[in-house]
Amino acid sequence: MQLIDFRTLGRSGLVVSPLALGTMTFGTPRWGSSDEESEAIFRGYVEAGGNFIDTANVYAQGRSEELVGRYVAEAKLRDQLVLATKSGFHSGQPGNPHGGGNGRKNIHQALEASLRRLQTDYVDLYWLHVWDMVTPVEEVIQTLGDLVRAGKIRYFAFSDIPAWYAAKAATLATAHSIPGPIALQLEYSLVERNIEHEHVPAARECGLGITPWSPLAAGFLAGKYQRASGSEAKASGEGRLSGPNPFQDSKFTEHNWRVLAVVEEEARELNRTAAQVALAWVLAQPGISSVILGASKLTQLQDNLAALNLHLTPAHLQQLNAASAPAAIFPYGIFTPAIRKGIFGGTSVQGWQ
């Protein structure tokens, strides 16, 4: 597989690369990259054939969008690239509830600000960055659908929302023949597989492409951190997990260290890096349209892109699946072949696939 082995994002006509370039690192202090390194990463990605650039209005307080807009304009690549950004998290004056959320007022003002920073009059994909827990789904799809019709956005999609909310939005849009979501952006990796319970089946049923974020668990699965002696919750190493991170629980658990050990064992066997093995596993999962890479160095990007030509055998996948299996939760323990036989009088019935 290569970056130019394009696919559509969900059940849509938006054509994207199998790996997207996430730009949260652009302009971000501490664990991010300098302007020069950010430009090198951008150019390295597009020169390798990639076409899917992902940013957000709150990344580096808007600095990421400014850098992406500048790089795209200078390279004269606007028509070739799929440019995606987001709104939802608060980006205005503290104390003003309309500085964030998914209401019509914030979506419009956030999009206008993003368009200015990105130096463009439209974005190809507009993500609802997070479920705000209050705005009715009807208002959201009406607002975003109107923006599609107005030409300000070409498509829209949802990030970090409940599966039922995505399914309701997709169903309402289909029933009323209006623009609907085309994708879900969710955390997914060998140490965070909970979306397999509800989100993956909902996405496949509703025609939504899944674009995982943090497929390397903020560098944990790349082997960037070393376990502190006698502790599962502490580790040393440079990266996002070495400091405050309000959006992500600690990855330093006993279960995750065991998963990492299997990843590193397979990496040695295949003469590959742990990051490449972890990314190849995500790419091999059903329903995945494009995986979002986050790199703070050009060398990291190049290493990650090499995962495209790594084919994991069924045996390798089975080992990784077994080591990383999420805990069974109700009601999924009920849905077994044995229970199905009980439902159908002891006979074996295969559903449509």
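The values are calculated or read from the model by the stated rules, or taken from the named source; none is laboratory data. Remember, it's a predicted structure, so these values are computed and weren't measured experimentally. So basically every Cβ, Gly included, is an ideal-geometry build from the backbone, and we count neighbours across all protein chains shown. What goes into the accessible areas is simple: the full protein's heavy atoms, side chains included, and nothing from ligands, DNA or RNA. Shrake-Rupley method; radii C 1.70, N 1.55, O 1.52, S 1.80 Å.
Of everything in the range 164-181, what is under 16 Å from the mean Cα position of the chain (by Cα) and either open to solvent by 10 Å² or more (accessible area, probe 1.4 Å) or among the aromatic types (Phe, Trp, Tyr) (or both)? Give them in sequence order. Within the range 164-181, Pro181 is the sole residue that qualifies. Taken over the range 58-79, the criterion of being at pLDDT below 95 and not in a helix (DSSP H, G or I) is satisfied by Val58 alone. I'm trying to understand the selection: among the residues of the range 7-51, which are touching a strand residue (DSSP E or B) at 6+ places or on another chain (Cβ under 9 Å), open to solvent by 20 Å² or more (accessible area, probe 1.4 Å), of a type outside the set (Gly, Ala, Ser) and over 24 Å from Glu74 (Cβ atoms)? Residues satisfying the conditions are Arg7, Thr8, Arg11.
Taking (1) in a helix (DSSP H, G or I); (2) open to solvent by 50 Å² or more (accessible area, probe 1.4 Å); (3) polar (S, T, N, Q) in turn, Thr143 satisfies each apart from (2).
In the set Pro337, Pro326, Pro286, Pro331, which member is over 25 Å from Val15 (Cα atoms) and in contact (Cβ under 8 Å) with a residue 60 or more places away in the chain?
On the way: Pro337 fails: in contact (Cβ under 8 Å) with a residue 60 or more places away in the chain; Pro286 fails: over 25 Å from Val15 (Cα atoms); Pro331 fails: in contact (Cβ under 8 Å) with a residue 60 or more places away in the chain.
None of the other options fit; the residue is Pro326.
Of Asp79, Asp54, which residue is charged (D, E, K, R) and within 23 Å of Leu184 (Cα to Cα)? Spell out the reasoning first.
Details: Asp79 fails: within 23 Å of Leu184 (Cα to Cα).
On inspection, the qualifying residue turns out to be Asp54.
Right, Leu184: within 14 Å of the chain's Cα centre (by Cα) and closer than 15 Å to Leu125 by Cβ or not? Taking the combined requirement at face value, the residue satisfies it.
For the range 90-129, the set of residues classified as crowded, with 19+ Cβ neighbours inside 10 Å and either in a strand (DSSP E or B) or among the hydrophobic types (A, V, I, L, M, F, W, C) (or both) consists of Ile107, Ala110, Leu111, Leu118, Val123, Asp124, Leu125, Tyr126, Trp127, Leu128, listed by residue number.
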